[in-house]
Amino acid sequence: MSTAQAVEAVIRIESARIIAGVTRIVRDVGIAEELAQDALVAALEQWPVSGIPDRPGAWLTATAKHRVIDLVRRKETYARKLAEVGRTLEDVPPPDEPADPDDIDDDLLRLVFTACHPVLATDARIALTLRLVGGLTTQEIARAYLSNEPAVAQRIVRAKRTLAKAAVPFEVPYGADREQRLADVLEVIYLVFNEGYSATAGDDLVRPALCEDALRLARVLAALMPREPEVHGLCALLEFQASRTATRTGPDGEPVLLADQNRSRWNRLLIRRGVEALHRAGSGPYSLQAAIAGCHAAALTYEDTDWTAIAALYGRLVVLVPSPVIELNRAVAVSMAEGPGAALPLVDALAGEPALRAYHLLPSVRGDLLERLGRGREARAEFERAASLTRNARERDLLLRRAAAL
């Protein structure tokens, strides 16, 4: 790995923490993101020459603090804010937090709950948190939500302005307010993990740092809210999925399909944690997805997978969360349980879904079914179409190889 690549990797890992730390100081996520970006730019300029510091996070935080001081000194309108945060900027320890048993000293989690404040619309809460905590670009968020990039960008800008105007506190809420924001917080963590597990764009299929942050946040949230079944359902799902991360790519970063993964390398500790969390889960959407992931984890070989149970679980899931993507996943399970001929009509029925028009997995799945049915020419066209739609270089290479093989 080159110095430039190492710098970019460190920045990806530290970005959300820097934004969270600066937000604690300035109490404005928009300003915090700008100042954190200034610090990250400084790192990109200096580290390739001076080397990466022993404590890169501390370096970035200190640089961002200096940016705060410079900004406040330049603008008289921030004089009041300087007086309020002066003690923190001088590295004097802040006052102790209230000794509440539900309190949790985690700036990242505070940042998630702040961005998920009910003053924002649901789509704005999730987009903003993905941007701030996950470090996702507007393009990646648009892809995750099957939306368009300009709309997502405007949503994020408006969300930051709304939070600033409403002077939303930087905190983990309590009581009913926490319950109100939980669904959005869970979805944010889920989408951040998904982006790490299967990157929508770039040269890497997997972005482990995003997976690790999402899994850590899910575990923290489970400790914070032990009586919430869906929190444990999300935890179980992420534990199961994370157990397979190391086997999803080959030595050169190429994708390895589930059928070809070396299951002896699946992380048994994470699977065990997933099983324990699943026992505390309920029957909501994340719990059902965790049960599906648990079926894969329980199969010693690909051939042992209980596809009938998985198809039934997807059937229950799509009732709770009507979604063409879930319908597509159910079709895959049906193809394994009943054969490709039973699944192809289900996939064809999704062809007119507007949300799937640019979704590369629809032609990819259809190509797989056609290949298994011996319709090679049609399958090749579907794989080529899927390759033209994906923005991930690794997935594109895999799809083009499958097309070339036909």
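The values are calculated or read from the model by the stated rules, or taken from the named source; none is laboratory data. Here the structure is a predicted model, which is why all the values come from computation and not from measurement. Neighbour counts are summed over all protein chains in view; Cβ atoms, including those assigned to glycine, are modelled from backbone coordinates with ideal geometry. When the accessible area is computed, the model is the full protein with side chains, heavy atoms only, and any ligands, DNA or RNA have been set aside. Shrake-Rupley method; radii C 1.70, N 1.55, O 1.52, S 1.80 Å.
Residue count for segment 245-274 satisfying the condition of being surrounded by fewer than 16 Cβ atoms within 10 Å (Cβ to Cβ), within 23 Å of the chain's Cα centre (by Cα), among the hydrophobic types (A, V, I, L, M, F, W, C) and part of a helix (DSSP H, G or I): 3.
Looking at V325, is it open to solvent by 20 Å² or more (accessible area, probe 1.4 Å) and more than 19 Å from the chain's Cα centre (by Cα)?
Details: open to solvent by 20 Å² or more (accessible area, probe 1.4 Å): yes; more than 19 Å from the chain's Cα centre (by Cα): no.
The answer is no for V325.
Here is a check on your reading of the model: is R161 open to solvent by 40 Å² or more (accessible area, probe 1.4 Å), in contact with a helix residue (DSSP H, G or I) (Cβ under 9 Å, 6 or more places away or on another chain), free of Cβ contacts under 8 Å to residues at least 60 places away in the same chain and at negative phi? Break it down into steps so the answer makes sense when it comes.
Numbers: open to solvent by 40 Å² or more (accessible area, probe 1.4 Å): yes; in contact with a helix residue (DSSP H, G or I) (Cβ under 9 Å, 6 or more places away or on another chain): yes; free of Cβ contacts under 8 Å to residues at least 60 places away in the same chain: no; at negative phi: yes.
Against the criterion (open to solvent by 40 Å² or more (accessible area, probe 1.4 Å), in contact with a helix residue (DSSP H, G or I) (Cβ under 9 Å, 6 or more places away or on another chain), free of Cβ contacts under 8 Å to residues at least 60 places away in the same chain and at negative phi), R161 does not qualify.
Whether any residue in segment 383-392 is modelled with pLDDT under 95, in contact with a strand residue (DSSP E or B) (Cβ under 7 Å, 6 or more places away or on another chain) and open to solvent by less than 50 Å² (accessible area, probe 1.4 Å) is what I want to check. Taking every residue of segment 383-392 in turn, at least one turns out to be modelled with pLDDT under 95, in contact with a strand residue (DSSP E or B) (Cβ under 7 Å, 6 or more places away or on another chain) and open to solvent by less than 50 Å² (accessible area, probe 1.4 Å). Can you tell which of A337, A351 is open to solvent by 30 Å² or more (accessible area, probe 1.4 Å) and outside any helix (DSSP H, G or I)? The unique qualifying residue is A351. Only a single item in (1) surrounded by fewer than 18 Cβ atoms within 10 Å (Cβ to Cβ); (2) in contact (Cβ under 8 Å) with a residue 12 or more places away in the chain; (3) among the aliphatic types (A, V, I, L, M) is not met by A342, and it is number (2). The set of residues in segment 354-369 being open to solvent by 70 Å² or more (accessible area, probe 1.4 Å) and assigned to a loop (DSSP other than H, G, I, E, B) consists of R357 alone.
Take E338 and tell me if it is modelled with pLDDT of 95 or more and more than 25 Å from L288 (Cβ to Cβ). No; evaluated as a whole, the condition is false for this residue. Please go through segment 2-55 and pick out each residue that is on the phi > 0 side of the Ramachandran plot and at pLDDT below 80. Once the filter is applied, which keeps residues that are on the phi > 0 side of the Ramachandran plot and at pLDDT below 80, segment 2-55 yields only R27. Selection over segment 281-307 of residues that are closer than 20 Å to I326 by Cα and of a type in the set (V, I, T) gives a count of 2.
Answer yes or no as to whether R80 is modelled with pLDDT under 80, open to solvent by 20 Å² or more (accessible area, probe 1.4 Å), at positive phi and among the basic types (K, R). I'd like the intermediate steps shown before the answer.
Details: modelled with pLDDT under 80: yes; open to solvent by 20 Å² or more (accessible area, probe 1.4 Å): yes; at positive phi: no; among the basic types (K, R): yes.
The answer is no for R80.
Within segment 279-310, work out how many residues are touching a Cys at 6+ places or on another chain (Cβ under 9 Å), more than 20 Å from E230 (Cα to Cα) and open to solvent by 40 Å² or more (accessible area, probe 1.4 Å). Step through it out loud before you land on a result.
The first filter runs over segment 279-310 and keeps only residues touching a Cys at 6+ places or on another chain (Cβ under 9 Å), leaving 280-281, 286, 290, 305-307, 309-310.
From what's left, more than 20 Å from E230 (Cα to Cα): 305-307, 309.
Cutting the leftovers down to open to solvent by 40 Å² or more (accessible area, probe 1.4 Å) gives us 306.
Number satisfying all stated conditions: 1.
On the basis of being within 20 Å of the chain's Cα centre (by Cα) and open to solvent by less than 30 Å² (accessible area, probe 1.4 Å), does G315 make the cut? It is false that G315 is within 20 Å of the chain's Cα centre (by Cα) and open to solvent by less than 30 Å² (accessible area, probe 1.4 Å).
Of all residues in segment 113-156, those satisfying the criterion of being within 12 Å of V188 (Cα to Cα) and of a type in the set (S, T, N, Q) are T122, T129. Give the number of residues within segment 94-124 that are open to solvent by less than 30 Å² (accessible area, probe 1.4 Å) and at pLDDT 85 or above. Looking only at that region, the number is 8.
Taken over segment 275-318, the criterion of being in a helix (DSSP H, G or I), of a type in the set (D, E, K, R) and under 17 Å from E239 (Cα atoms) is satisfied by E276 alone.
Contact map, segment 265-285: residues that are closer than 14 Å to R244 by Cα paired with residues that are surrounded by fewer than 19 Cβ atoms within 10 Å (Cβ to Cβ) and of a type outside the set (A, V, I, L, M), Cβ distance under 6 Å, separation 6+ or inter-chain. Pairs shown: R265/T247. Of all positions in segment 29-48, none carries a residue that is more than 21 Å from L109 (Cβ to Cβ) and in a loop (DSSP other than H, G, I, E, B).
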